[in-house]
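This report concerns only the one structure given below.
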Amino acid sequence: MKMSESPFKGDILKGKVALITGGGSGIGFEISAQFGIHGASVAIMGRRRQVLDFGVSELRSKGIQAIGLEGDVRKREDAARVVETTVKHFGKLDILVNGAAGNFLASPENLSPNGFRTVIEIDSVGTFTMCHEALKYLKAMPEKGLSTGGFVLNISANLHYTASWYQIHVSAAKAAVDSITRSLALEWGTDYNIRVNGIAPGPIEGTPGFQKLAPEEMKSKAKEYMPLYRTGERWDIAMAALYLASDAGKYINGCTMIVDGGFWLSRPRYIPKEDVKELSRVVEKKSRMVGLPSSKL
């Protein structure tokens, strides 16, 4: 199967309406495109009109019903307006994807509190604000015959599962996003039958973040100790999003899926494999000489 070919049926999101923040570029755009290709109508939200217009044009060229809505996720009035406009245009809202994010490299001592606060406000506060304003349309409403609620997908990161250099602000913000995902999955899953999940992407080629967060030589070196020896593609994240948003993931709630090829587990191989074998033989030999139990290596 080619990487560009979806493993899912083309109508798995037929009739759904999705709102994607940060949907005009990078991972957000690929999720928007794949949701649309698989049957959904799509509204993309962002701060730059030029990016939105280009994104909508590209989506419509694929036969997708799409609109672009300008707004800042940090502002409650913008969030409310975008949600309301989406519902007014398409008639409902089934899926909210929180993909808007801020990122840049900075050591803690050179990062201003304002820079730290800005990333927290975009990633964490923005995620909650969009969820808060979308709730009334996403929740199950038995009085209207809607026994099943909508779906929320929060785009996180793998930075905070260990620690990452020069990313203290983003690590803190995404840790909060993961916590928001779990809390809403518990409370809104119980009260309103809304599923809330997340995706934590690793290094993804073809995204603004991938281009600006590391020099080319570092990207090549990192691949040497990544478990799958490659960086990801936007397609990889979009396929995970499709799985979680469709009926295939209907019993998954409160989960943040790490989609990074195992990169978050990786460390440089400090000792070559052949040297490890030799060291094991030395330890075995010494154990036998002093009468210690054999390690059976």
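The figures follow:
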quantity: At 1.567 mPa s and 4 °C, Stokes D of the range 17-266 from Kirkwood alpha-carbon radius, µm² per second; calculated: 71 µm²/s
quantity: Those chymotrypsin sites (Phe, Trp or Tyr not before Pro) in the range 87-158 that DSSP places in a loop and that have at most 16 other beta carbons within 10 Å; calculated: F104
quantity: Residue-wise HN-Hα coupling along the range 5-17, computed from phi with Karplus coefficients 6.51, -1.76, 1.60 (Hz; x: Gly, Pro); calculated: 8, 6, x, 9, 5, x, 10, 5, 10, 4, x, 7, 10
quantity: Trypsin sites (Lys or Arg not before Pro) within the range 1-33, DSSP loop, no more than 16 other Cβ atoms inside 10 Å; calculated: K2, K9, K14
quantity: Label zone at E109, where the point sits 7 Å out along the Cα-to-Cβ direction: the range 167-183 residues whose backbone N lies under 13 Å; calculated: none
quantity: Around H160: net Lys/Arg minus Asp/Glu count, Cβ-Cβ under 9 Å; calculated: 0
quantity: Flagged links, alpha-carbon separation over 27 Å, of K14/K139; K88/K139; K75/K250; K92/K250; calculated: K75/K250
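Quick note: the coordinates plus some simple rules give every number you see, no bench work behind them. As the structure is a prediction and not an experimental result, all values here were calculated from the model. Cβ atoms come from the backbone with ideal geometry, glycine included; neighbour counts cover every protein chain shown.
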